[in-house]
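Down below is the structure, laid out as structure tokens.
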Amino acid sequence: MIEAEGITKRYGDFLAVDDVSFTAQAGEVIGFLGPNGAGKTTTMRILTGFLPATDGSARIAGHDIFNEPLAARRAIGYLPENPPLYPEMDVAGYLEFVTRIKDVPRARRRSAVESAIERCGLKDVHRRVIGSLSKGFRQRVGIAQAIVHDPRVLILDEPTVGLDPIQIREIRSLIAALADPGKSEARTIVLSTHILAEVEAICPRVILINQGRKVVDSSLAELTAEGQSLEDVFARVALRAGEAA
Amino acid sequence: MRHVGAIAGRELRSLFVSPVAYAVLTLFAVLAGFFFLLSIQGFRETMNYYQQIGQFDVLEQINLNNQVIAPFIQVMWIVFLFLIPGITMGLFASEKTNGTQELLMTSPLTMWELVVGKFVAAGAFVTILIAMMGLFPALLFLDADTPILGWIFSGFDLAEPDPEGLQMLAGLLGLWLLGLTYAAVGTFASSLTRNQLVAFFLALALLLILWLLSVVADLGVAEGAMGTAASLSTVLTWLSTSDHFDKLARGLVDTRDLAYFAFMIGAFLVLTKTSVESVRWR
Ligand SMILES: Nc1ncnc2c1ncn2[C@@H]1O[C@H](COP(=O)(O)OP(=O)(O)OP(=O)(O)O)[C@@H](O)[C@H]1O
Ligand SMILES: [Mg+2]
């Protein structure tokens, strides 16, 4: 579903992402970890086609993001670091607009919007103007926007930031349900987060990057096999980087 | 191009829930009414002058198209100069501040669909403005014994002449094309910055330069420049919007002037596309 090969991004002299490669199969949920400024957002922006890579290539659902950008983007649902919302629009109108630019067939638009509203707990606010919503609700609209066209690949940049504990639980079970291979079509999900408990709860696989380099890529079970917690692993990597710097 | 409607429709809906659209519409209606009355006033003074000096043959030739409608359309460019940048300033700048460019640029849209969608939204607004101001000269076409014509010609010993409909439509076409060109320039300005105020003044500056190019060209000629400068001044005059617009406003439809506006709109949309794309290549 996702095949990333040697993705590299330079901002001038600064190497933000350095030769990151990985592949992800349908049904996988990958926790994308790393200290602040590690390059998580930058990598996600490259995978979604928002930023061009300085080097490397990526395929989404079999489509090269540089050579077949439209087909690749059709397969992606993306929640950016800051949810991309129009404050003056109401929730339902906004989601309807998203279905149109994401090529959802006309006949399915209404049900797609209703289902996203339902699944993200937006029923009570779907006629409200987005600008008047609280931060958590705006985050939910951001998630709804990412899943409304039922994409096969979901890239979520810190999806649970600002949500209340109950909503966090609901979003986590939503993510698990989307990836569940028992469903007709399994999704592939990459999510970045700073909440390690979240990774332990829903991400069977962990990719840890630090200073732009991939330093860990393994299953959660393997990582924590020797009795160490995910936090230990994270701290060790981050600290080692701190010493090197 | 099938996403153009989605982009333009969303833009227009956002425009019409914002106070900017209504401020512009109100200001435009007031200014159009004011300038229309001013044109009529000027017309009456001209007639008065010829009546007093007894040049009745000139008086007979005076007509509403050249003395009222054309000056009215010509003066409206200055209203467009200030109002259209107000409409276009948010087109791309607000996508950057909302972070919604990240949604648009990761959706299966082409860059052309995005740019054209934005331009179509601004163009639709310009069309509404033209329809609104067209109502004023349309009043002159009401039956000759309606109050307005009676008032205009009151105190003159004249048959009330009928205005020419096609000539007026040609003038409105000219103003419409001018408005679309301004919308394209404003769209470009908005794509250059994330600050709406900067986009507004940038558009204003570009439009003024575009208008004044012919003045610059005239200055060059007046200073007795040489052959190369003469051809340069031809180019500058051609690039300037003023002459092309003036001809159309007076009702002279020339395909060369139509081609000029088409060229300018196309050129600024290409520039906009390049500028929006370059965001990716930072
Ligand atoms: N437009 C830019 N120009 C220059 N440097 C940039 C730009 N965008 C990001 N960077 C740098 O690239 C590095 C990686 O940033 P990125 O946003 O990908 O980190 P992150 O892993 O998402 O961090 P966080 O956990 O804080 O969200 C940072 O050092 C950042 O300063
Ligand atoms: Mg980030």
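For the reader, a short list of remarks on this structure follows.
- Boolean, A:THR48 is surrounded by 24 or more Cβ atoms within 10 Å (Cβ to Cβ) and away from ligand 1 (no atom under 12 Å from the Cβ): yes
- Restricting the first member to region B:34-61 and to residues that are of a type in the set (S, T, N, Q), and the second to residues that are assigned to a helix (DSSP H, G or I) and open to solvent by 60 Å² or more (accessible area, probe 1.4 Å), the beta-carbon pairs closer than 9 Å and six or more apart or on different chains are B:SER39/B:GLN67; B:THR46/B:GLN67; B:GLN55/B:TYR49.
- When restricted to residues that are open to solvent by 70 Å² or more (accessible area, probe 1.4 Å) and not in a helix (DSSP H, G or I), region B:228-261 contains 3.
- Flag if A:ALA107 is crowded, with 19+ Cβ neighbours inside 10 Å and either within 14 Å of chain B (Cβ to nearest Cβ) or not hydroxyl-bearing (Ser, Thr, Tyr) (or both): no
- Matching residues in region A:144-184 - criterion: being closer than 22 Å to B:THR97 by Cβ and away from ligand 2 (no atom under 16 Å from the Cβ): A:ALA144, A:GLN145
- Residues in region A:195-215 that are free of Cβ contacts under 8 Å to residues at least 40 places away in the same chain and surrounded by 13 or more Cβ atoms within 10 Å (Cβ to Cβ): 4 in all.
- Looking at B:THR97, B:THR127, just one residue is within 14 Å of chain A (Cβ to nearest Cβ) and open to solvent by 10 Å² or more (accessible area, probe 1.4 Å), and that residue is B:THR97.
- Annotation note: Cβ proximity below 6 Å between a residue of region A:6-17 that is touching a residue at least 24 places away in the same chain (Cβ under 8 Å) and a residue that is part of a loop (DSSP other than H, G, I, E, B) and within 15 Å of ligand 2 (Cβ to nearest atom) (sequence gap 6+ or interchain) occurs for A:LEU15/A:GLY212; A:ALA16/A:GLY39; A:ALA16/A:GLY212; A:VAL17/A:GLY39; A:VAL17/A:GLY212.
- Residues of region A:66-80 classified as within 7 Å of chain B (Cβ to nearest Cβ) and either farther than 24 Å from A:PRO159 by Cβ or open to solvent by less than 10 Å² (accessible area, probe 1.4 Å) (or both), total: 4
- Any chance A:THR43 is crowded, with 20+ Cβ neighbours inside 10 Å and touching a helix residue (DSSP H, G or I) at 6+ places or on another chain (Cβ under 8 Å): no
- Qualifying residue in region A:29-43 (condition: more than 22 Å from A:PRO159 (Cα to Cα) and away from ligand 2 (no atom under 15 Å from the Cβ)): no
- Considering region A:113-126, the residues that are buried (at least 22 other Cβ atoms within 10 Å of the Cβ) and in a helix (DSSP H, G or I) include one that is farthest from the chain's Cα centre (by Cα), namely A:VAL113.
- Selected residue (criterion: nearest to the other protein chains (Cβ to nearest Cβ)) from residues of region A:81-103 that are in contact (Cβ under 8 Å) with a residue 40 or more places away in the chain and of a type in the set (Val, Ile, Thr): A:VAL98
- Test: residue in region B:129-136 that is among the aliphatic types (A, V, I, L, M) and touching a Gly at 6+ places or on another chain (Cβ under 8 Å): yes
- Here A:LEU178, A:LEU133, A:LEU154 are screened, and the one residue that is modelled with pLDDT of 90 or more and either aromatic (Phe, Trp, Tyr) or surrounded by 22 or more Cβ atoms within 10 Å (Cβ to Cβ) (or both) is A:LEU154.
- Answer residue from region A:1-12, given it is open to solvent by 50 Å² or more (accessible area, probe 1.4 Å) and within 14 Å of another protein chain (Cβ to nearest Cβ) and is nearest to ligand 1 (Cβ to nearest atom) among those: A:TYR11
- Candidates A:ALA38, A:ALA16, A:ALA26, A:ALA53: the one that is in a loop (DSSP other than H, G, I, E, B) and either near ligand 1 (Cβ under 8 Å from one of its atoms) or not hydrophobic (A, V, I, L, M, F, W, C) (or both) is A:ALA38.
- Which numbered condition A:GLU158 fails, given (1) within 16 Å of ligand 1 (Cβ to nearest atom); (2) more than 14 Å from chain B (Cβ to nearest Cβ): (2)
- Contacts under 7 angstrom Cβ, first residue in region A:37-50 being within 12 Å of another protein chain (Cβ to nearest Cβ), partner in a helix (DSSP H, G or I) and open to solvent by less than 10 Å² (accessible area, probe 1.4 Å), 6 or more apart: A:GLY49/A:ALA72
- If you filter region B:52-111 down to residues that are part of a loop (DSSP other than H, G, I, E, B) and modelled with pLDDT under 90, you find that the one that is nearest to the chain's Cα centre (by Cα) is B:ASN63.
- Filter pass, B:LEU135 being surrounded by fewer than 22 Cβ atoms within 10 Å (Cβ to Cβ), within 14 Å of another protein chain (Cβ to nearest Cβ) and of a type in the set (A, V, I, L, M, F, W, C): no
- Odd one out for B:ALA122, checked against (1) facing another protein chain (nearest Cβ under 10 Å); (2) touching an Asp or Glu at 6+ places or on another chain (Cβ under 9 Å): (1)
The values are calculated or read from the model by the stated rules, or taken from the named source; none is laboratory data. Owing to the predicted nature of the structure, the values given are computational and were not obtained by experimental measurement. Backbone-built Cβ (ideal geometry, glycine too); neighbour counts: all protein chains shown. Side chains are part of the model used for accessible areas, which takes the heavy atoms of the whole protein and leaves out ligands, DNA and RNA. Shrake-Rupley method; radii C 1.70, N 1.55, O 1.52, S 1.80 Å.
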